[in-house]
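Read through the structure below, which is laid out as structure tokens, and then see the notes.
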Amino acid sequence: MLAAAALLSLPFALPAAAAPCPGTVVLQDSFTTPNPALDLTVNESKITIQGGKAEVTFLQSGSRNEEYVGKKYGDANVCATFATAKTDKAETQPAGILLWAVDYTAFYTFEILPGTRQFAVYQMVPGTWRTVPLAATASAAIVKTMGAPNTLQVETRGNVIKSQQVGTFTGTPPPGGGAVGFSVSNANTSLDTWDVTDFSVAIP
């Protein structure tokens, strides 16, 4: 079996709409109407799809993981833009791209923590909550200003995850590829919101 790599590109703030993911776009969610592949059930948060964004409003502390179920990807570029409201507090509340998902109990996420200008990789493992294969790492590329967007690009190429800042390490993508999506979380001390825009997947 050929091993490939997941290249984690650091986020940058972009004006207006973000540029599309490089490659042939095979999924692009404009967030004007709900995509039936997403699970919009209200739990500790509610999600509103309209006006070009997916707005996640937290009703209590927790996280929101959304997967575009029904389609698996092997080698792909996944891109999305994340922003909090200007009135939110600059706390450690991560957001990022979900990839290599088997289901809602098994997946990886590449997330940024704008409040501390860090990024990390998490792995959700069934029955054990989540592990941290790449611990929080500082990056000046992450925009800390509340309300400012951060655009992420993750390139999956198999089982090696590479970052220019920390080198490479090995992940475990599911055979045949996995679903993709996005993940946002809320800090314990306030009930904040996250806006997700410009979500797209492209085949290189």
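Values as computed for the structure displayed
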quantity: Subset of region 102-160 [of a type in the set (Val, Ile, Thr), within 24 Å of residue 53 (Cα to Cα) and either free of Cβ contacts under 8 Å to residues at least 24 places away in the same chain or in a loop (DSSP other than H, G, I, E, B) (or both)]; calculated: 142, 143, 145
quantity: Scope region 123-135; condition surrounded by 16 or more Cβ atoms within 10 Å (Cβ to Cβ) and either on the phi > 0 side of the Ramachandran plot or modelled with pLDDT under 90 (or both); matching residues; calculated: 134
quantity: Candidates 77, 65 - the one that is in contact with a Pro (Cβ under 6 Å, 6 or more places away or on another chain), under 24 Å from residue 175 (Cβ atoms) and in contact (Cβ under 8 Å) with a residue 24 or more places away in the chain; calculated: 77
quantity: Members of region 23-50 that are within 24 Å of residue 202 (Cβ to Cβ) and either among the basic types (Lys, Arg) or surrounded by fewer than 13 Cβ atoms within 10 Å (Cβ to Cβ) (or both); calculated: 24, 32, 33, 36
quantity: Long-range neighbours under 6 Å by Cβ, at least six apart or interchain, first residue part of a strand (DSSP E or B) within region 43-54, second of a type in the set (Lys, Arg); calculated: 45/64
quantity: From 67, 55, residue being among the acidic types (Asp, Glu) and closer than 21 Å to residue 191 by Cα; calculated: 55
quantity: Failed criterion for residue 113 (all others in (1) under 12 Å from the mean Cα position of the chain (by Cα); (2) under 12 Å from residue 180 (Cβ atoms) hold); calculated: (2)
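The values are calculated or read from the model by the stated rules, or taken from the named source; none is laboratory data. Quick caveat: nothing in here was measured; it's all calculated off a predicted structure. Here Cβ is always computed from backbone atoms with ideal geometry, including for glycine, and neighbour counts include all displayed protein chains.
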